Amino acid sequence: MNPFGFALAMVLAYCAWSALALGMDRHYADIHGRGAEPPEALRRRMRRLGTLGIVLTFAVAVKMQGWTIGPVGCLGFLTMAGVLQVLSLTYVPARVPVWSRWMMYAAPVLALLWIADMLA
């Protein structure tokens with residue numbers, strides 16, 4: 001398994017869980033203050049981005065490990081990122097959007113490094 005692919009899958013999974021969490025009333029209120037609710041357009045956009053992140057995580061895991069182990073690896077990536085997300089939302093909820101934004105910026109760099117390593 002390629003370390004860049006592993007990091008890319010983890011980043012995508014964490015960002016996916018972050019997007020799905022920010023589309024929920026409870027987690028949005030934890031970050032933006034009591035009683036705050038996300039607008040309906042933001043809620044739909046976050047759900048779509050979260051779904052896209054999970055699909056991309058699946059694609060990376062299958063590309064790295066093949067169809068026999070890839071789906072199981074994807075579940076592992078989603079589980080590890082989910083645990084990190086739960087801990088982040090529990091102890092430092094205000095940092096979740098910041099960390100997700102930095103990971104989102106790192107994802108294309110990791111993707112390029114992963115592709116370059118596969119081609120080499």
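The values are calculated or read from the model by the stated rules, or taken from the named source; none is laboratory data. For clarity, every value in this text was computed on a predicted model and none was experimentally measured. Note: areas computed on protein heavy atoms with side chains; ligands, DNA, RNA excluded. Shrake-Rupley method; radii C 1.70, N 1.55, O 1.52, S 1.80 Å.
Classify the chain from the C-alpha gyration tensor, please: rounded if a/c falls under 1.5, else prolate or oblate depending on whether a/b exceeds b/c. Provide the component values of the computation, followed by the final result.
Details: a/c = 2.22, a/b = 2.09, b/c = 1.06.
Note, shape of the chain comes out prolate.
Averaged per residue, what accessible surface does the chain expose to a 1.4 Å probe, in Å²? It would help to have the intermediate numbers written out before the result.
Values: 7280 Å² over 120 residues.
Averaged over the residues of the chain, the accessible area is 61 Å².
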### Query
Once phi is turned into ³J(HN,Hα) by the Karplus curve 6.51 cos²θ - 1.76 cosθ + 1.60 with θ = phi - 60°, what whole-Hz value does each residue of region 28-36 show in order, with x for glycine and proline?
4, 5, 4, 8, 9, x, 4, x, 6
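Could you check how much of the accessible area of the chain is carbon and sulfur, as a whole percent, using a 1.4 Å probe?
Values: 5130 of 7280 Å².
Ligands and nucleic acids excluded, carbon and sulfur give 70 percent.
With each run of n ≥ 4 DSSP H residues scored as -39500 (n - 2.57), what mean residue ellipticity at 222 nm is computed for the chain after dividing by its residue count and rounding to the nearest 500 deg cm²/dmol? Could the numbers behind the result be given before it?
On the way: 4 runs with 104 residues, N = 120.
Dividing the helical sum by the residues of the chain leaves -31000 deg cm²/dmol.
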### Message
Using only Cα atoms and rounding to the nearest 10 degrees, what angle (0 to 90) does helix 96-119 make with the longest principal axis of the chain?
### Response
10 degrees
### Query
Can you list, bin by bin at 10 Å, the percent of alpha carbon pairs in region 71-116, starting at 0?
24, 40, 32, 4
#### Entry: Rounded to whole Hz, the Karplus (6.51, -1.76, 1.60) HN-Hα couplings of region 37-48, x for glycine and proline
10, x, x, 4, 5, 5, 4, 5, 5, 5, 5, 5
